[in-house]
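Below is one structure, written out as structure tokens; the observations come after it.
What follows draws every value from the coordinates through simple rules; no lab data is involved. Note that the structure is predicted; figures quoted are calculated from it, not measured. Positions of Cβ are generated from backbone atoms using ideal geometry, with glycine treated the same way; all protein chains shown enter the neighbour counts.
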Amino acid sequence: MRYLHIDSPRPRIAVFDFTDCEGCELQLANKEETLVPFLNAVEIVNFREIATGAGEDYEIAFVEGAISRSDEVERLKAIRGKARLLVALGSCACFGGVNRMKNAYDLGAANAEIYGRTPKETLPVRSVKEVVPVDLEIPGCPVSKDEVERIVRHLVLDVPFAFHAYPVCVECKQRFTTCLMEKGQLCLGPIVRAGCEAPCPAGGLGCWGCRGPAEAPNLEEFFALARERGFTDQEINERMAFFGGFEGVVVGGTR
Amino acid sequence: MKNLLLPYEVTKEAEMAEPLDFNRRSRLMNTHRVFKAEISSITQLTEKEKLFHIRILDPAERQRFTFLPGQFVMVEVPGYGEVPISIAGSASNRGFIELCIRRAGMVTSVLHRAKAGARVGLRGPFGTSFPVAMMKDHHVLLIAGGLGLAPLRSAILHVTENRSDFRNVHILYGTKSPDQLLFDYQYEQWRRVDGVNLSIIVEEGGDGWTGEVGLVTRLLDRIPIEPDRTYAIVCGPPVMFKFVCNKLGELGIPMRRMFVSLERRMHCGMGKCCRCNIGSTFTCKDGPVFDYWTAINLKEAI
Amino acid sequence: MACGTATRGRPPRRPRGEGFTLYKTLRKEAFRSVVEAILAGSEGVEPRRVGTDRHGKPIHQFLPVERFEDIDFSYDTTEFSAKTYFLPFRERLSTYRFSDGDWEQETRYRAEPRALIGLHSCDIHALLKLDKVFARDWYPSPYYLSRRRNTFILGIDHDPCEGAFCRSLGTDTVTHGFDLFLTDIGESYFAAVGSDRGLSLIDRFGARPITDEDSHRYVAERKRIAALMQNDLNLNNLPNLLDIEFKSPIWEKWGAKCLSCGTCAMVCPTCYCHGVYERISMDFQEGAKIRQLHACTLVDFAVVAGGHNFRPTPESRLKYRYYHQHRGFVEQHEEPKCVGCNRCGRACLAGIAPVDVIRELQEEVAP
């Protein structure tokens, strides 16, 4: 930033994917109106989805996906060893994501269900921080490009970044979205972290919690009011387990 | 309780007769236009605190900008944010504004990365000030803990520059450890001012510290206090000024003659955003300087 | 003035209703033309039915409307208040353009004309309260004022809303703060005129001076409406009560229910607490200073730099919400900030309704 007399170096970044759909990476390559300045702000040394090079001298590693195989564990550890800053990108990397649902089943049975008579080597799904230390987590399924851009602008200047602490409800109000709970749908909005601009409720779909819990959510009251509105514990638990952001949180004691 | 019936100081005719500036605050203005200013010099005070000299670029605007000790400004780093910062310099200095800033949040981190020559925005000054006019002809106790020395320094500079207006002047300053002492290179200068007593104390001395060890309240024990002729200004974290003010109360100083400066995260400085609101009081326009009676009635403040 | 027609033979009398607000009558058939004339000249925002809640009741919102047919004047209350048209959720306060080691600031607060049609008296009172903060207090806000002055307000009288306690706050009737305010008196509307633009508008559509008969009908209609008011919450001495009950277990109870979701403040017609933050463009060429609505019930409301939270519990945040509504604002402006619309009570998923909270507080200290 020249007006601050700060030289903004272009940090060398790399993007890696593990067990995932590569949708978050795609977000990085999205949004044409800012793509060029985005790529100017950083130096991409390794990003399989959009670039040919596979450099090893990166400072910031964006890691997408959950960790579900032993070779992934090794690869992740190697990345951690090289990166000054390791960023978990997307709900899979942050919480295990949709993949985490596998952990609720017997591993062998799950393997057989998917791969039949040619089972693959597999481990219980873990988030990135369950394997190596993580410096920053950007949740979302997919991540919001706006938020990623904002974070990158902070990383470039090496200044701290704060996520919204409040829940999705605020962003529904901003868009004049009629509360889906009032309309009779289940919505995790009151306990999930905002920052997505609440597109799902605006489209008529209650929040599934891809961004994980808001700061200090009032789970007890949320469960009480959801039950009062006729939702079963199973429905609520399935909803919370979907993206893995509520790991360890269970209503009613059974799943 | 001692001094219960002490008369209020309403006899200073000069103050009462001053015509009020009725227009200033009610005039519709461009509330978010900033003074463009340049960071003219940066001094590293401690690991976390830096002193910034900030000069308003336009000479006419620079002349127009005046403030009273204890007031604050909103410092804006365009594109990153705006933060409230108490002015740490002398009100008589019209050349530049001194701001002592701790690296704590996002905006202050950017400021700490900025270099001399950087251009920032300034809005203000905002808020109430220390009652330096009322303090005239009284003994003065200036007490700070930690970063509290930053706002208090504007009062210290006022008192040392106008030494003849005041009776005994005591400056007491305490921090956690010696490496957190702010403005340590200026203590000698303040001490040398005729009739100014400066005492420093740290909670944990460590190797090489030859000064006093303990809490700032300890320093009060050996100061002769004439309660009905004394004003006290106390700046620091709530837990610190609570102990200090209670002690001053025991010594007989009435609560309306003790002044504290409260910290809140103002977002506008104009009593609009409510982020600094405590019940019915806006720290930005009813404060940040409050007399202790008002401060303890803010319930949440202490 | 155009309306003063003294009857021949009698001593000329000052026309009824001449004063701060002028009164006229408007034939009902002309109402549509009045609304259409407004819509033709500016953006119009009106109550519109947007859906049905889980109990089968209609949900309304104030939304831009282009055709008279889309307006539903029979609405009870709207899900969100009209404040968004004066204090938008997000607003750009200034723009910075960076170049060559320097920057230029630009601030803009020009607002396009807009009309709000079909506002109830509580919502007009809400604007009067916001006026006190943003137009009449220190540092009037140019952003607010330009919207307020460029907004035409046509209010309508109505039967009391379910759950509202406007009468306790004196907001069930309104005397100023609008351009036109209409009360149904049978074949015509009894129109309170609050501005010259209001007057010239209805005069174009055949408004007539009021007669004694019109006045009687108006008073009768107001009486009928007043008799329908159900909630009569006595707010006498509430500011002191809030002080006395500062440490009441009641706050613990309601605080435990609070989701800290900010919905109460978002739907409130007077909640104006906000935050200011900045954004920089991806090419680092432009910065923006943005004001965004916040809420005192959100977890980070009172966080200061370094991370300390002055209100870490939902209980303390909820309590300070009531404090601001019913004590702090009273101290500042001699009236509560609340208008009694009960939007917060309706919208709160946890069922925290001001009527219940205040009643419990009162019972707590009752002998």
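Give me the dipole magnitude in Debye, nearest 20, for region A:131-255 about the Cα centre, with unit charges on the beta carbon: positive for Lys and Arg, negative for Asp and Glu.
320 debye
Compute the Rg/Rh shape ratio of region A:156-255: radius of gyration over Kirkwood radius, all on alpha-carbon atoms.
On the Cα set of region A:156-255, Rg over Rh gives 1.00.
Relative to the longest principal Cα axis of chain A, at what angle does helix A:70-82 sit, 0 to 90 degrees, rounded to 10?
50 degrees
To the nearest 20 Debye, how big is the dipole of region A:169-241 about its Cα centre, given +1 on the beta carbon of each Lys and Arg and -1 on that of each Asp and Glu?
240 debye
Report the relative contact order of region A:2-157, percent, no decimals, based on alpha-carbon pairs under 8 angstrom and at least 6 residues apart.
The value is 28 percent.
Can you list the equivalent-ellipsoid semi-axes of chain A, largest first and in whole Å, using the square root of 5 times each Cα gyration tensor eigenvalue?
32, 26, 15
Loop only per DSSP, at most 14 neighbouring Cβ atoms within 10 Å: give me the GluC sites (Glu not before Pro) in region B:36-97, ordered by residue number.
Passing both the DSSP loop test and the Cβ count: B:E47.
Between C:R110 and C:W138, with labels modelled 7 Å along Cα→Cβ, what's the label distance in nm to one decimal, could you check?
If labels sit at C:R110 and C:W138, their model points lie 3.2 nm apart.
Please find the FRET efficiency linking B:R33 to A:A202, where r is the Cβ-Cβ separation and R0 is fixed at 35 Å, and quote it to the nearest 0.05. Don't skip to the end; give the middle numbers.
Working: r = 36 Å, r/R0 = 1.02.
That pair, B:R33 with A:A202, gives E of 0.45.
Which one of C:I59, C:T84, C:G155 has its Cα pushed farthest toward the positive end of the charge dipole of chain C, where Lys and Arg give +1 and Asp and Glu give -1 at the Cβ?
So the residue we want is C:G155.
In region A:22-124, which chymotrypsin sites (Phe, Trp or Tyr not before Pro) are in a loop and have at most 11 other Cβ atoms within 10 Å, using DSSP for the loop call?
A:Y105
Using alpha-carbon positions, what is the distance between the centroids of region C:172-234 and region A:52-121, in Å?
Between the Cα centres of region C:172-234 and region A:52-121 lies a distance of 68 Å.
For the protein assembly as shown, what is the convex hull volume of the alpha-carbon atoms per residue, in Å³?
Per residue, the Cα convex hull of the protein assembly as shown comes to 222 Å³.
Mean-square fluctuation check for chain B, GNM, Cα pairs under 10 Å: which of B:A118, B:A144, B:A232 is largest?
B:A118
If you line up the Cα atoms of chain C on their principal axes, what length do they span on each, largest first, in Å?
79, 70, 43
Could you tell me what % of all Cα pairs in region C:191-349 have separations over 19 Å?
Tail of the P(r) past 19 Å holds 71 percent of the pairs.
Just to be sure I understand the model, the point goes 7 Å from the Cα along the line to the Cβ. What's the resulting C:K253 to C:D212 distance in nm?
Modelled inter-label distance: 5.5 nm.
Just how large is the dipole of chain A about the Cα centre, in debye to the nearest 20, putting +1 at every Lys and Arg Cβ and -1 at every Asp and Glu Cβ?
80 debye
Restricting things to alpha carbons, find the Rg to Rh ratio for chain B using the Kirkwood radius for Rh.
On the Cα set of chain B, Rg over Rh gives 0.95.
In whole Å, how far is the Cα centre of region B:256-288 from that of region A:163-237?
Computed from Cα coordinates, the inter-centre distance equals 34 Å.
Using 1/(1 + (r/R0)^6) with R0 = 35 angstrom and r between the beta carbons of A:L123 and C:D53, what's the FRET efficiency to the nearest 0.05? If you can, show how the numbers build up before the last one.
On the way: r = 46 Å, r/R0 = 1.32.
Efficiency for this residue pair is about 0.15.
How far apart, in nanometres, would the label points at C:S200 and A:D106 be if each is projected 7 angstrom from Cα along the Cα-to-Cβ direction?
That separation, rounded to one decimal, is 8.4 nm.
Measuring from the lowest to the highest alpha carbon on each principal axis, how far does region B:35-126 reach, largest first, in angstroms?
32, 25, 22
If you take the alpha carbon radius of gyration of region A:78-125 and divide it by 2.2 N^0.38 Å, what ratio comes out, to two decimals?
In units of the 2.2 N^0.38 Å rule of thumb, it is 1.49.
Set Lys and Arg Cβ to +1 and Asp and Glu Cβ to -1, take the dipole of chain C about its Cα centre, and tell me which of C:S42, C:C268, C:P239 lies farthest positive.
The Cα lying farthest towards the positive end belongs to C:S42.
May I have the extent of the alpha carbons of region B:144-214 along their three principal axes, as whole Å values ordered from largest to smallest?
39, 21, 19
How much FRET efficiency would the formula 1/(1 + (r/R0)^6) give for B:N297 and B:R62, where r is the Cβ-Cβ distance and R0 is 56 Å, rounded to 0.05? Please report the intermediate quantities before stating the final value.
Numbers: r = 39 Å, r/R0 = 0.69.
Efficiency computed from Cβ-Cβ geometry: 0.90.
If contacts are Cα pairs under 8 angstrom and at least 6 residues apart, what is the relative contact order of region A:169-241 in percent?
Dividing the mean separation by the residue count of region A:169-241 yields 31 percent.
For region C:113-232, what relative contact order do you get, as a whole percent, if you take Cα pairs closer than 8 Å and at least 6 residues apart?
Values: 140 pairs, mean separation 32.6, N = 120.
Over region C:113-232, the number comes to 27 percent.
Taking 0.36 nm per residue of separation and subtracting the Cα-Cα distance, what length does fully extending C:S42 through C:S99 add?
In short, 16.7 nm is gained.
How large are Rg and Dmax for region A:1-127 when calculated on the C-alpha trace, in angstrom?
In order Rg, Dmax, the Cα atoms of region A:1-127 give 17.4, 64 Å.
Let a ≥ b ≥ c be the square roots of the eigenvalues of the Cα gyration tensor of region B:139-296; is it rounded (a/c under 1.5), or, if not, prolate (a/b larger than b/c) or oblate?
prolate
Which residue, chosen from B:I143, B:N162, B:G279, occupies the Cα position most advanced towards the positive end of the dipole of region B:139-296, where the dipole is computed from +1 (Lys, Arg) and -1 (Asp, Glu) charges on Cβ about the Cα centre?
Farthest along the dipole direction, towards plus: B:G279.
Quick one: P(r) of region B:86-212 from all Cα-Cα pairs, 5 Å bins, percents rounded to integers, in order of increasing distance.
2, 9, 18, 20, 19, 15, 11, 6, 1
Can you order the peptides A:177-187, B:149-159, C:244-254 by their average number of other Cβ atoms within 10 Å per residue, highest first?
Ranked by mean Cβ neighbours within 10 Å, highest first: B:149-159, A:177-187, C:244-254.
Report, in cubic angstrom per residue, the convex hull volume of the C-alpha atoms of region C:243-327.
122 Å³
Between region C:299-338 and region C:62-76, what is the separation of their alpha carbon centroids in Å?
When both Cα centres are located, 35 Å separates them.
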